[in-house]
Every structure is written in structure tokens, then in C-alpha cells.
Ligand SMILES: Nc1ncnc2c1ncn2[C@@H]1O[C@H](COP(=O)(O)OP(=O)(O)OP(=O)(O)O)[C@@H](O)[C@H]1O
Ligand SMILES: [Mg+2]
């Protein structure tokens, strides 16, 4: 799938911009602070309804304006769909082909995006919640049912946590909550595990092709060992574990096991990249992770996702830059930002749609 054209109004440092995009490689080039990342972010927001950079939607609206709007044509199997998002003072209006969409999960499963951005390094260095957010985002795009299950799980989790704050706990009622919680937990565990297993099938080779280093893999860490357990065994194990934790949970007034405590770890052989990886290796690890998702999206959705790469080249030497570019197959729409085209293969540059950004505008050929 790809976005053929984009229109943004009052988004970040843009007033009003119309832009045609190539279905292959697009390179957004410009000096620091001109609006490259903002443009990439607008495509992300168009697809996923919120930004990866800011939890506050109002930050996306141009200073001193009241609302912003992003519109784009998404082409999938030669069929064009118009997506539109308008953000206005804590309100968001989503439209597909001019029809208002009420349910978020219906909207965000439409356009599939894989993004790499510099802050993604937090996936290795940051808190577990960053990695869970990554899992949730990717799985919500792959399967609109995932978000529904996750929302239900979180609702039950909140009820359970609130209940644990009571002075007197009715064990029968807690048991009922446990069973609801476990039912949703198992679905989430299974979907996450399947996703991580699939990533690991591609990850090692991609990382090796870019760096020449073998045995890169990720590990999915859960409160219980999931290996080869069927649903019934999982249910029993979770019930046992919750029973075991009971006293501690009463004391801490919080649910201590479940997918809300999951984590991912990144390894080269037996070394955890968090402690051992160089800055460049950590960067390539995350890029490899994102690239390994391309085929998964293709398999789940029947279409390649759109790849957004923000500042992917910094800190990479010439070899690794070009090794990386080899991965950006022709069938995929890639939108990449960079401050310069140094050390990038001329053949690749020639085939690309180069878009120069200056102060929230496209610099047309001939502009000074
Ligand atoms: N809500 C907003 N209203 C107006 N301007 C904004 C808003 N949010 C951000 N900006 C401006 O956008 C500019 C940053 O744009 P952006 O992050 O896209 O730069 P960039 O081209 O990616 O630069 P770099 O190469 O440094 O990453 C800054 O000048 C910032 O002040
Ligand atoms: Mg930027």
C-alpha cells in the first residue's frame, strides 16, 4: 500500500501543503528544524491517529491556530481510499471516504505503517512500558481484534486493582475477576508470542546483513513461562500464580502478574544489548527490528506497509548506510528524512523522489 498524495493544514510548522509521493523511495531533505520530521509525523498521525512524539494532540496544531487537518489518498490493490483526520481542541474526527469513523480500531487498521525514529532507541534503553507500547501498536495494526482484547484486559485490570484497594476482599469475587483477567491475558500472550516468534525468523539475517554480526535475537519476557503450554495449562498456571501472589497483591494493592508486566530483551548471543551494545549497534538493532516486520505485515495483511524512516542514517558508516538501503525493496513505499545525501549510492538517488523542505514548505526546483 502507499500514500499517493498528502494534504496538511496547520500541522506543526506547516500552514498548508499539498504533496505528491512516489510509491517507492521518497527522500525528504533539508536542514535542521525545517519540518522533515513534522511531515513524516503527519503521515504517521494520518494512519494511526496519534503521534509518537507527543501525548498531547494540541501540540500538533500550528501555534496560534485552532485545528489541524491531514488528508491522504491510500492506494491498496489499485483501490484508492481517502483518509482524513482533523484535530481540534481535544476532539478528533476520523473519516474514511468522507464517512465519519467512530471506532478507533476500525480506522487504524486501515493504513499500515512501520516507523523508525531516533527516540526508538528507547526501545532498548528505556522502560518496559516503551516496549509494551511497541508491541501494542504493531499488533493493533495487524489485527483490529487485538486492540479490543487489550482494552477489555485493561478495563478488568483497573477494576481488579481498584478492588484490591478495599480493606475486605471477597475471595469469590476476586476469583471471578481473575477468570476474566486470565481469559484476556491468554489471548494477549499468545498474539504477542506469535508476533515475536515471527520477528525472530527474519531478525538475525537482517542484522547480520547490515553489520556482519551473528545471533541477534529478541526475547519475550512474561510473568510465566509460556513455552508449549496449551490454553488450559496456561489458565491453570496463571490461576496458581495469582494465588501465590495473593498476599503480596493485597499488600501492594496492585495486580502483579499479567501482560501489563511483559517485556522484551535484545540479545547478541548471550549479551544483552542494553548493557553491551554500542550506540550504532543499538541503532541497527532497532532498524533491523522494524525491517523484520515488513514481511510479517505483508503476510498478515496481504500488502506491504508504508515505511517511515526518520534520520535513519546518522551514526551509520557508509557501508552500513548502503547495506540498509538494499533492504528497501521496490515494492515498498519508503519515506526517509535526511540532512544530506552524502555517501548514498547515486543509482539510488536517481531512482528516488527527492523532496526539499525549507521552513515548512517544499522547495521547488529553481527556488533559491
Ligand atoms: N505546533 C507547532 N507550531 C509551529 N511550529 C512548530 C510546532 N511544533 C513544532 N514546530 C517547529 O517545527 C520545527 C521542527 O521541525 P522538525 O522537527 O520537523 O525539523 P527537522 O527538519 O526534522 O529537523 P532535524 O534535522 O533537526 O531533525 C521547529 O522549528 C519547531 O519550532
Ligand atoms: Mg527531524
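Computed from the coordinates by the stated procedures, all read-outs in this text should not be read as laboratory data. All figures in this text were calculated on a predicted structure; none of them were measured in a lab. Note that we place each Cβ from the backbone using ideal geometry, even for glycine, and neighbour counts take in every protein chain shown.
Given the C-alpha centroids of the range 191-215 and the range 96-157, what is the distance between them in whole angstrom? Centre-to-centre (Cα) distance: 21 Å.
Test of understanding: in a Gaussian network model of the chain with alpha carbons linked when under 10 Å, which of 127, 185, 285 would top the mean-square fluctuation ranking? Comparing 127, 185, 285 in the GNM, the peak value goes to 127.
Can you pull the Kirkwood radius for the chain, inverse mean 1/r over Cα pairs, to one decimal in Å? Provide the component values of the computation, followed by the final result.
On the way: mean 1/r = 0.0449 Å⁻¹.
Final number for the Kirkwood radius of the chain is 22.3 Å.
Taking the Kirkwood radius as the inverse of the mean 1/r across Cα pairs, report the Rg/Rh of the range 149-256.
1.12
Between residue 341 and residue 166, the contour length at 0.36 nm per residue exceeds the alpha carbon distance by 56.9 nm.
Out of 235, 346, 358, any idea which swings most in a Gaussian network model of the chain, alpha carbons joined below 10 Å? Top of the fluctuation ranking is 346. Residue exposure proxy: 201, 19, 40, ordered by other Cβ atoms within 10 angstrom of their Cβ from fewest to most, comes out as 201, 19, 40.
Got the relative contact order for the range 113-302 handy, in percent, Cα pairs under 8 Å and 6 or more residues apart?
Numbers: 181 pairs, mean separation 63.8, N = 190.
Contact order relative to length: 34 percent.
In plain terms, the residue of 352, 54 with the fewest other Cβ atoms within 10 Å comes first and the most crowded comes last, giving 54, 352.
What's the FRET efficiency of residue 99 with residue 18 using the Cβ-Cβ distance as r and R₀ = 25 Å, to the nearest 0.05?
Values: r = 23 Å, r/R0 = 0.91.
Computed FRET efficiency for residue 99 and residue 18: 0.65.
Look at 162, 122 and count the other Cβ atoms within 10 Å of each Cβ; fewest to most, that gives 162, 122.
Quick check: from the Cα gyration tensor, does the range 113-302 come out rounded (a/c under 1.5), prolate or oblate? Walk me through the numbers before you get to the answer.
Values: a/c = 2.26, a/b = 1.91, b/c = 1.18.
Prolate is the answer for the range 113-302, as a/c is 1.5 or above and a/b outweighs b/c.
Relative contact order (percent) for the chain, with alpha-carbon contacts under 8 angstrom and 6 or more residues of separation?
Working: 583 pairs, mean separation 97.8, N = 368.
It rounds to 27 percent for the chain.
Helix-derived [θ] at 222 nm for the chain: sum -39500 (n - 2.57) over DSSP H runs of at least 4, divide by residue count, nearest 500? Spell out each step's value before the answer.
Values: 11 runs with 163 residues, N = 368.
Dividing the helical sum by the residues of the chain leaves -14500 deg cm²/dmol.
With both labels modelled 7 Å from their Cα along Cα-to-Cβ, the residue 330 to residue 158 distance reads 5.0 nm.
When both the range 301-362 and the range 8-56 are represented by their alpha-carbon centers, they are found 15 Å apart.
Would you please give the FRET efficiency between residue 91 and residue 318, computed as 1/(1 + (r/R0)^6) with r the Cβ-Cβ distance and R0 = 45 Å, to the nearest 0.05? Computed FRET efficiency for residue 91 and residue 318: 0.40.
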